[in-house]
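**Q** Handing you a structure now.
The values are calculated or read from the model by the stated rules, or taken from the named source; none is laboratory data. On a predicted model such as this, the values are computed, not experimentally measured, just so you know. Glycine gets a Cβ as well: all are built from the backbone with ideal geometry, and neighbour counts include every protein chain shown.
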Amino acid sequence: MRFASFSLFASVLACFALAGTSRAAQTYELGSLELQSLTQDWGEPHSNKSVDGRELSIGGRKFERGLGTHAVSTFRLNLNGTGEKFQAAVGVDDEIGQRGSIIFRVSADGKVLWESGVMRGGQPAKEVSVDLHGSKMLTLSVDDAGDGINYDHADWADATITMLSGKPEPVLRKREPAVVLTPKTGPKPRINGARVYGARPGAPFLFTIPASGDSPMAFTAENLPPGLQLEPSTGIITGAVAQKGVYEVKLRARNSQGSAERPLKIICGDLIALAPPLGWNSWNCFGCDVNEGNVRAAADAMVSSGLIQHGWTYINIDDCWEAGRT
């Protein structure tokens, strides 16, 4: 009886242990995790949506849950416990049709555990199931298959991580503190920027004298070619130069603290961009939702930040929005 009682006691303990393991196992949806640490070369990642914000769809099959990203992308996760498995259905999202070519990889602790091979738009999803026992760091990556990232809309559909203990946490990227290294400008006028400017005959001319220093400031320009005029309070030169030629102009800026002058060579002919254009390129940060407010805000920022006082003048808006515009 004593032996039987001990055996019964041990069996009860084993049952409780198994029950405890079962209760501890928990599944986490990939799309529910913080995505700020995910890096990708185009667009922004979306939980339960494609990279363009649409319903996840691979090879005509729809998915309610998952993660939409874009090549080249990397998502690193610290498992912080005992992992059991990673599961997903992967493929190129249907929103780009037959285009796109990508490779999905699942790695743990620096070792590739699963690779999809090259997947293209319109192909059915591939099922992924990877054993995570003994793994500490999980990395989900999407490669461009060696032919560039155009149309590489990648879906980790129905993606889950099952943990026996602990919770997966994204590995946060180290961010350096933002530090302005450019010395602050003094109160006296200083004329900055290039000393040469190219223009074509008869074309609209637009040049702002890039001068730093306390405001208000007054500007003058000697020997401007015929057809150009200067606004003294803003330093903006407009008009058009009719004749080809090289024009030597002397610019001056004056405020309550003093004055500054500098030569500017205006070359009117077949060449423009005689100095590297300084400006800002949106590179699709607006997607296809560009509007007048976006453009004006970018230009206003260049003025209010003081960049215009150092020769920054160009605002380039990426081309997605141009199709079908009025």
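**Q** Just need a number here: residues in the stretch 36-56 that are surrounded by fewer than 18 Cβ atoms within 10 Å (Cβ to Cβ), in contact (Cβ under 8 Å) with a residue 60 or more places away in the chain and in contact with a helix residue (DSSP H, G or I) (Cβ under 7 Å, 6 or more places away or on another chain).
**A** Final tally of qualifying residues: 1.
**Q** A further question on this structure: Is it true that Thr162 is in contact (Cβ under 8 Å) with a residue 40 or more places away in the chain, surrounded by fewer than 17 Cβ atoms within 10 Å (Cβ to Cβ) and in a strand (DSSP E or B)?
**A** Yes; evaluated as a whole, the condition is true for this residue.
**Q** When you look at Ser304, is it over 23 Å from Asn150 (Cβ atoms), at pLDDT 90 or above, loosely packed, with under 13 Cβ neighbours inside 10 Å and not hydrophobic (A, V, I, L, M, F, W, C), yes or no?
**A** Considered against the rule, which asks whether it is over 23 Å from Asn150 (Cβ atoms), at pLDDT 90 or above, loosely packed, with under 13 Cβ neighbours inside 10 Å and not hydrophobic (A, V, I, L, M, F, W, C), Ser304 comes out as yes.
**Q** Here are some conditions: (1) buried (at least 20 other Cβ atoms within 10 Å of the Cβ); (2) farther than 15 Å from Gly66 by Cα; (3) of a type in the set (Ser, Thr, Tyr). Ser141 meets all but one. Which one does it not meet?
**A** Against the list (1) buried (at least 20 other Cβ atoms within 10 Å of the Cβ); (2) farther than 15 Å from Gly66 by Cα; (3) of a type in the set (Ser, Thr, Tyr), Ser141 comes up short only on (2).
**Q** Of the residues Ser256, Ser212, only one is more than 30 Å from Pro45 (Cα to Cα), of a type outside the set (Phe, Trp, Tyr), in contact with a strand residue (DSSP E or B) (Cβ under 6 Å, 6 or more places away or on another chain) and not assigned by TED's automatic domain parsing to the domain that holds Leu67; which?
**A** Checking each option against the conditions leaves just Ser212.
**Q** List the strands (runs of 3 or more DSSP E) that sit entirely inside the stretch 72-112 and contain at least 3 residues that are surrounded by fewer than 20 Cβ atoms within 10 Å (Cβ to Cβ) and either among the polar types (S, T, N, Q) or touching a residue at least 60 places away in the same chain (Cβ under 8 Å) (or both).
**A** Output list reads 73-78, 81-92.
**Q** Report whether or not Val241 is of a type in the set (A, V, I, L, M) and over 30 Å from Tyr151 (Cα atoms).
**A** Judged against the criteria, Val241 is a match.
**Q** If you take the residues in the stretch 178-202 that are in a loop (DSSP other than H, G, I, E, B) and hydroxyl-bearing (Ser, Thr, Tyr), which one is surrounded by the most Cβ atoms within 10 Å (Cβ to Cβ)?
**A** Among them, the one singled out is Thr185.
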